[in-house]
Amino acid sequence: MSRRVRGDREEADLPVDPDVDLRHAPDPFRTPAPPARGRTWDVLAVIALGGGAGAVARYLVGQAFPGPPTGFPWGTFLINVTGCFALGLLMVFVLDVWPPSRYVRPFFGVGVLGGFTTFSTFSVEIVDRVSHGAGVVAGAYAAASLVAGLVAVWCGIVLARTLAGLPVRRGGRKGE
């Protein structure tokens, strides 16, 4: 990792978001510039299209795996865990493998996966289980979702890095 000197201290270069055009990025040590009012409708349209596709997929999976009011909501659990796995996989390819693109991360990461995964349904299902006297199921669902989601993201990252021929990191990056 390269280093730069700023004033009387030396700093490491930080990772760069591939969606940011650094030619127009403001200096972080100056007064922030007002937000750009450039062309954003195209990115919003891509997010909306992806969100619609993700929401339809979520609906279909939810219909295939309906959950009783006191039982474990397998449909939403499956949706959120697979969404976590897909997000881990996607972010490695978007940030470390593919060339920068204006639309890939907004379409898939924000749109499709944002429309597919569902924190609101997860929350409502926990409250529903508790209100129907199934607090143990609600607690198990909450804990299992958290653990399985974190494991799924990690598995997605490991699989993507393996498929891309990148080392699977087990700690900080060199120089950090």
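Just so you know, all these numbers are worked out from the coordinates, no wet-lab data involved. Fair warning: this is a prediction, and the values are worked out from it, not measured in the lab. Glycine also receives a Cβ, built like all others from the backbone with ideal geometry; neighbour counts cover every protein chain displayed.
Under the rule a/c < 1.5 gives rounded, and otherwise a/b versus b/c splits prolate from oblate, where does region 35-176 land using the Cα gyration tensor? Oblate is the answer for region 35-176, as a/c is 1.5 or above yet b/c matches or exceeds a/b. Extending 7 Å from Cα along the Cβ direction at Val130 and again at Leu78 yields two label points whose distance is 2.7 nm. Extension gain, Val147 to Ala55, is 30.8 nm, computed as 0.36 nm per intervening residue step minus the present C-alpha separation.
Put a dot 7 Å past the Cα of Leu159, heading toward its Cβ, do the same for Ser101, and the two dots end up 1.9 nm apart. Would you work out which of Gly115, Val158, Gly62 lies farthest towards the positive end of the dipole of region 41-163? Charges go on Cβ: Lys and Arg +1, Asp and Glu -1. Result: Val158, furthest along the dipole toward the positive end.
Whole-Hz Karplus values for region 48-65 come out as 4, 4, x, x, x, 5, x, 5, 5, 4, 4, 4, 5, 5, x, 6, 6, 10 Hz, taken residue by residue from phi with 6.51 cos²θ - 1.76 cosθ + 1.60 and θ = phi - 60°; glycine and proline positions read x. Counting every other Cβ atom within 10 Å of each residue's Cβ, Val81, Val97 order from fewest to most as Val97, Val81.
Across region 72-86, rounded Karplus estimates of 3J(HN,Hα) from the backbone phi angles (6.51 cos²θ - 1.76 cosθ + 1.60, θ = phi - 60°) give 6, x, 4, x, 5, 4, 4, 4, 5, 5, 5, x, 5, 4, 5 Hz, Gly and Pro being marked x. Whole-Hz Karplus values for region 122-133 come out as 3, 5, 5, 5, 5, 4, 4, 5, 5, 5, 9, x Hz, taken residue by residue from phi with 6.51 cos²θ - 1.76 cosθ + 1.60 and θ = phi - 60°; glycine and proline positions read x. Using a simple spin-label model with pseudo-atoms 7 Å out from Cα toward Cβ, Gln63 and Ser123 lie 2.7 nm apart. Working from Cα pairs under 8 Å separated by at least six residues, relative contact order for region 41-163 is 41 percent.
Ranked by the mean number of other Cβ atoms within 10 Å per residue, highest first, peptides 101-113, 126-138, 57-69 order as 101-113, 126-138, 57-69.
Taking the Cα of Ala140, stepping 7 Å toward and past its beta carbon, and measuring to each backbone N in region 68-85: which are under 11 Å? From region 68-85, the list is 71-73.
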